[in-house]
Amino acid sequence: TLPARARDPCTLPGHIYNSAMGKVHGSLARAGKVKGQTPKVAKQEKKKAAVARAKKRLQYNKRFINAPVGMGGKRIQPNKQPAGKLG
């Protein structure tokens, strides 16, 4: 008898066999389909981003100075969802 490794079809030369993993979804012929059919939009010019001290200043102002205040005088979390969306 052959050892278990020799009987496994995955180890035979020239065989592409993957019984444990299943099949790949979709064929490779359709790879990049969506990106290819999306219209190209030219990049717009943006304002120069603040760096170093100026960026920290903007961050501080956004988080503490201009921060929205909720009930009880507490600051609202930056990514807080409206009450209606919470289960």
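Do we find a residue being at pLDDT below 80 and basic (Lys, Arg) anywhere in segment 20-37?
Yes, some residue in segment 20-37 is at pLDDT below 80 and basic (Lys, Arg).
Please determine, by comparing only the residues of segment 67-87 that are at pLDDT 80 or above, open to solvent by less than 100 Å² (accessible area, probe 1.4 Å) and assigned to a helix (DSSP H, G or I), which one is farthest from ARG57 (Cα to Cα).
Restricting to residues being at pLDDT 80 or above, open to solvent by less than 100 Å² (accessible area, probe 1.4 Å) and assigned to a helix (DSSP H, G or I), the top hit is GLY72.
The values are calculated or read from the model by the stated rules, or taken from the named source; none is laboratory data. Just so it is clear, the model here is predicted, and its values are computed rather than measured. When the accessible area is computed, the model is the full protein with side chains, heavy atoms only, and any ligands, DNA or RNA have been set aside. Shrake-Rupley method; radii C 1.70, N 1.55, O 1.52, S 1.80 Å.
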